[in-house]
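Quick note: the coordinates plus some simple rules give every number you see, no bench work behind them. In this text, all values refer to a predicted model and were calculated from it rather than measured experimentally. No Cβ is skipped: glycine too gets one built from the backbone with ideal geometry, and neighbour counts run over all protein chains shown.
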Amino acid sequence: MFFAIHQSNHTLALRNYLPPQFFQTLRSSTTFTIDQLIDEVARWRSRPIVTIAWRNLPLGLFGARVATPDRDYIIFEAHTPRVHADHTKAHELGHIIAGHPAIVITEETPIDEAISLIHKRSTRTQTYQEEEAEALASAIQTYLLQQCGWNALTHRTATAPVWSDLAFGLGLDK
Amino acid sequence: MTLPQHFTEFISAFLLWVFVLWRFAATIRNGSMARNHSARRQALFMWGVYFCIALAATLLLISKLTQSPIWIVVSERSIVAIAGYLLTAAVCYELAPELRAYRKILILAGALASVVITLTLAADESLHTGVIGLAIFEYYIFLVVARVVIPAFAKSFEQEIHPPMRLRLLTMILTHVAVVLWMLNSITDHLLHLIGINYDESLLYTIALVTAVPTFISAYLLPAAYFVGVVRLWEYFCNLMAFWHIRSLEKTICRLLEKPSMTLPLIGVLRFPQEAVYMSLIAIFDLRKRIALCPDPLAQAISRRLEDIASPDLSYEYQVRSLATIARDITWLRPTPTPATTPLTLENE
């Protein structure tokens, strides 16, 4: 995690992944939470993202991402604090924004089987991709914090953000 | 160079009038008058209270300059104080409407007390029998504060959710508790004086004064930004303490798992302790499943405790408090090391 106290280049890294038009569409919104950002990314990509809370993911796994030909799935551990679940969702969203390849399944594949596939794949460490997704997760949370305040992060009750400021903070004001 | 006579009284009265005028301008400027009837009444009544305080200071100054008899000074002060407390009670009725039932009784009793005080004090310039009037005045103020003012502010305190306003209400309550203490002490003093017993009451007066003056100044004279600042400072130190504990828990977990703990720059932590707490909390929950596999008894104990608070239904604040508690308990969770014993052999038997 690289929050405001780290201020690394990663916090401005979203500009490399999302076009300014993406944030222009967000300006009409009155709140900004992780879930809403997921919806906006889905709308921007014209590809639905479905979030699934799953109890007792395999050991060491708190979140996972799979894809079918026409949609993405973010699966996250249900039995974990909300802030941790949101962080996990932001991390998986980071994978999607960065365009990392996902395990492709069919709509008929049972979720537990998909999870088992992910678990097998996660044992083969992909450090760079994980670091990139983590940096993007931190970038999302940092600006969520800076624009919408603590309640957006800790209680999912965002106050009305100034989207132009958000875009500016993300380096998307051009 | 010597200061003019009654310089202190003059400066006090002057400052109080400046404050009253400033307060009136602030009441007009902040839009309280236009908000609704209740806000308008509260603003006007509160301004009336400040006006009474400034008026009392002015009357005191005039009395000293004209060298008026002491009974006039005391009765004037008492009547203005009664008027001030009636206005305070009016503000309290806005805060706790159920207390309005006593309103007429309170006003009548206030008027009656004013007359009795003036008569008893006027009847005896040396204040020997005048103490009855003083005791009546003090008992009246005690009743108003204990039965109306404190309950109303306490009710507002319970209903208020914003920490700066809660702190301000608590400070107001403390001011009035000090007034109650002062009045009770004074009543006892006067009644005992009537039957010829003197006791040293200075300690209780000092406690009441030391409580009342700073709490009154901060609660009634300082702007809201002061309380916002105090609350922020308090939260800053609370976050720093929470981080201190949670960080120690995270380091313990990382030591048990033989992995490096998260690096955080000290300057960053001191600037944004709230963020540091958030990051440490996520780092700990990221390791929750791994710590469950660690065979160390301490790791198992920590894992069980983490499992208990991992529910998404629990609030963030509760989880932070619980992590800090687990960190504090680590000392107790740590298994007592077995004392090294020398094996019993035939040689050392």
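For this structure, a couple of remarks:
- Cross-link reach is defined here as a Cα-Cα straight distance under 17 Å, omitting same-chain residues fewer than 8 places apart; for B:LYS251 the aspartates and glutamates meeting it are B:ASP286, B:ASP296, B:ASP329.
- Interchain or long-range residues, amide H under 5 Å from A:VAL50's placed H: A:ASP72, A:TYR73, A:ILE74
- 12 Å Cα-Cα reach of B:LYS155 towards aspartates and glutamates, excluding residues that sit fewer than 8 places from it in its own chain: B:GLU94, B:GLU98
- Put simply, region B:231-333 fits an ellipsoid with semi-axes of 23, 15, 12 Å; these come from the alpha carbon gyration tensor as the roots of five times its eigenvalues, largest first.
- The fewest-to-most ranking of A:SER46, A:SER138 by surrounding Cβ atoms within 10 Å reads A:SER46, A:SER138.
- Within a straight-line Cα-Cα reach of under 18 Å, B:LYS64 can be paired with the following aspartates and glutamates, leaving aside sequence neighbours fewer than 8 residues apart in one chain: B:GLU9, B:GLU76, B:GLU125.
- When +1 charges are put on Lys and Arg Cβ atoms and -1 charges on Asp and Glu Cβ atoms, the dipole computed for chain B relative to its Cα centre reaches about 1240 debye.
- Taking every C-alpha pair closer than 8 Å and separated by at least 6 residues, the mean separation divided by the residue count of region A:43-125 gives a relative contact order of 30 percent.
- Here the calculated FRET efficiency for A:ARG47 and B:SER315, from their Cβ-Cβ distance with R0 = 45 Å, stands at 0.85, rounded to the nearest 0.05.
- Normalised by the number of residues in chain B, the mean separation of alpha-carbon contacts (under 8 Å, six or more apart) gives a relative contact order of 10 percent.
- Computed over neighbours whose Cβ is under 13 Å from that of B:PRO223, the net charge equals +3, Lys and Arg +1, Asp and Glu -1.
- Taking the charge dipole of chain B about its Cα centre, with +1 at Lys and Arg Cβ atoms and -1 at Asp and Glu Cβ atoms, the residue from B:PHE142, B:ILE62, B:ALA43 reaching farthest to the positive side is B:ALA43.
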